[in-house]
Protein chains: 2
Amino acid sequence: VKESEFHDWLRRTVPSGEGVFVGIGDDAAVVAGADRIAVASDLMVEGVHFRVQDAPPARIGAKAVNRNFSDMAAMGLKPLWILASAALPERTPEAFVCSLVQGMLDAAQAFDVHLVGGDTSASKAGLVIDVAVIGKVGKEEPLTRAGARPGDRILVTGELGGSSRGRHLDFTPRVKEGVFLNRHHRPSSMIDVSDGLALDLHRILDASSVGARLMGGKIPCSRDAGLCARTSGKSPLEHALSDGEDFELLFTLSPQGAEALLRDGSRFFEVTEIGEVLPDKDERTLDVGGRIRTLGREGYDHTL
Amino acid sequence: VKESEFHDWLRRTVPSGEGVFVGIGDDAAVVAGADRIAVASDLMVEGVHFRVQDAPPARIGAKAVNRNFSDMAAMGLKPLWILASAALPERTPEAFVCSLVQGMLDAAQAFDVHLVGGDTSASKAGLVIDVAVIGKVGKEEPLTRAGARPGDRILVTGELGGSSRGRHLDFTPRVKEGVFLNRHHRPSSMIDVSDGLALDLHRILDASSVGARLMGGKIPCSRDAGLCARTSGKSPLEHALSDGEDFELLFTLSPQGAEALLRDGSRFFEVTEIGEVLPDKDERTLDVGGRIRTLGREGYDHTL
């Protein structure tokens, strides 16, 4: 495919959206902003984040978009626009490219988000996808990783661990949950679990200069974590702590706030209290059946 | 390098900026926006856009940023923030990564632009860089490729051709010129010459549904175009028409507008009138010493 023909196809395929003044096909897109916007981007590399033989292109495209939506959700914000770039290996079949884009568009449409631009290039090696996301900051302040206070409860949406069994490709980013939490419960800090519960909690604790104790028995281990444990030699809890790519929301709330959320919010989505923030930033522990051990920085911290 | 250590270094190295509410280190950056924002992104792939052995990493980083600034300039807008993502081959030396980032930061600083986020990943093959840029739309409407009218003059900044001799790495994106043109002369259409004068002019003509005649003798051929012609078997004019990566601004103005710009604006920067817009969109020609020939879509339209 010639790039120019691909662009023609894109212009016909990508729906135009509200707030998009100049869409695909010019040097830049022009979109309606607010007083403040939030921006993030996320790379996906063949052989590192996915293998082409394991996943149809539409799911790869959807994952690339949903990972970014998860970042917006972690700020308590709704994504509005995306830019998508792809470096494509030589002789990538046209059908592959179309499915990849369609997967992105479907994932975007699920949250009423518009693709407004991006770039394509040949690649001398594998497929590389980079998606940038733009969200609007409304009345609610964005939620950051900093702000957890001693005494706050630690909570998490959904279930954790074993995402490699398929959930890492087919997850629903917690956009609705993140916006709901921001609007109605104002967590003191929030992050999405992309690199593992333990490591992502450390990131909140680092940014907030506090410690924490997790209650091992309360951590919601997914069925996949249990299935992985059968052959891995690790426990379901260890999978839940360190597997990553769960894309659930991890956040902190005052004791009263946690109580209110568990009473009301849990009607709308699954949420579990799993620990407590401690004042000493060096005290980061895991309570497993009364035995207290150090909470390691287990998770996905790859080497560059 | 561990990603976490790299991020620590980044947080220390990247200057914080005005309008940046949440910078590097959270799930997304939060920046001050205006009523409308402009966004674009641009991929650079090792072996396609550059070779590591030909260029020091700081120049590769600078080019990745400046290509995006050129896209903003082509809309007549000033870039404000960037997100930079890089997929790095295994065992990339730490010094290489630091120089790459420093090159990006220096390029950004030259236009008072702030790096607010991005992503890094391992790469199974070459280096891939994707930069997204965000610009603010002020009082002036962004300039698009559509809007050229029959009778308009075609103009270009600087000199064209032979950028492969080094200028493709060390160019100054025409941000000041683009903003100046937008504010004081309101071109009817504008684009940056990234894939070759001929092809990029066709893009303006396609978007505007018009034709054009270029005056071959007026096209400003660079010294590099002449040097390339000595060994390539092509003329300097052919290099100027199709080489690409000039990152000059190509735009259209009414006859009166062109006259005013050539009288006043050319005091600030080099600008040349090179042709005229024609009503028939199928009439796209090049006049070389009185011989009229068809203007091909020569330039860089790569195969995906």
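The values are calculated or read from the model by the stated rules, or taken from the named source; none is laboratory data. Note that the coordinates shown come from a computational prediction; the quantities given were computed from them, not determined experimentally. Neighbour counts are summed over all protein chains in view; Cβ atoms, including those assigned to glycine, are modelled from backbone coordinates with ideal geometry. Please note that ligands, DNA and RNA were not included when accessible areas were found on the heavy atoms of the full protein model with its side chains. Shrake-Rupley method; radii C 1.70, N 1.55, O 1.52, S 1.80 Å.
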Quiz item: Given Cα pairs under 8 Å that are at least 6 residues apart, what percent is the relative contact order of chain B?
Solution: 21 percent
Practice problem: Between the alpha-carbon centers of region A:170-200 and region A:58-135, tell me the distance in whole angstrom. | Solution: 21 Å
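Using a 1.4 Å probe on the protein heavy atoms, what percent of the accessible area of chain B belongs to carbon and sulfur?
Accessible surface attributable to carbon and sulfur in chain B totals 47 percent.
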Quiz prompt | Translational diffusion of region A:36-91, µm² s⁻¹ [Kirkwood Rh, Cα pairs; Stokes-Einstein; 25 °C; 0.890 mPa s] | solution = 194 µm²/s
Quiz item: Among the lysines, which fall within straight-line cross-link reach of A:K78, defined as a Cα-Cα distance under 30 Å, with same-chain neighbours fewer than 8 residues apart omitted?
Solution: A:K63, A:K136, A:K139, A:K176, A:K218, B:K78, B:K136, B:K139
Quiz item: Which value in nm describes the separation of the simple spin-label points at B:S209 and A:E90, placed 7 Å from the Cα toward the beta carbon?
Solution: 4.0 nm
Quiz item: Once the piece of chain linking A:A260 and A:Q53 is laid out straight, how much longer is it, given 0.36 nm per residue of separation minus the C-alpha distance between them?
Solution: 70.0 nm
Practice problem: Going by the rotation axis that takes chain A to chain B, pick out the residue of A with the closest C-beta and quote the gap in whole Å. | Solution: A:A125, 1
Quiz prompt | Furthest towards positive pole of dipole, A:G158, A:F171, A:N182, structure part region A:122-208, Cβ charges | solution = A:N182
Quiz item: chymotrypsin sites (Phe, Trp or Tyr not before Pro), restricted to region A:144-250: which are DSSP loop and have at most 15 other Cβ atoms within 10 Å?
Solution: none
Quiz prompt | Label spacing, shortest first and in nm, from B:D8 to its equivalents in the remaining copies (7 angstrom along Cα→Cβ) | solution = 5.4
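Within region B:197-304, list the GluC sites (Glu not before Pro) lying in a DSSP loop whose Cβ has at most 14 other Cβ atoms in a 10 Å radius.
Values: sites: B:E238, B:E245, B:E248, B:E259, B:E270, B:E273, B:E276, B:E283, B:E298; in loops: B:E245, B:E248, B:E270, B:E283, B:E298.
Answer by residue number: B:E270.
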Self-check item: Rounded if a/c under 1.5, otherwise prolate or oblate - the protein assembly as shown, Cα gyration tensor axes
Solution: prolate
Exercise. Between A:R223 and B:R149, take the C-beta separation as r, use R0 = 56 Å, and let me know the FRET efficiency to the nearest 0.05.
Key: 0.30
Quiz item: How big a patch of accessible area, both sides summed and in Å² to the nearest 100, lies buried between B and A at a 1.4 Å probe?
Solution: 5500 Å²
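May I ask you to give the solvent-accessible area per residue for the protein assembly as shown, in square angstrom, as obtained with a 1.4 angstrom probe? Let's see the in-between values first.
On the way: 23960 Å² over 608 residues.
That works out to 39 Å² for each residue.
Eigenvalues of the Cα gyration tensor times 5, then square-rooted: what semi-axes does that give for chain B, in whole angstrom, largest first? Numbers along the way, then the final one.
Working: eigenvalues 253, 107, 44 Å².
Result for chain B: semi-axes of 36, 23, 15 Å.
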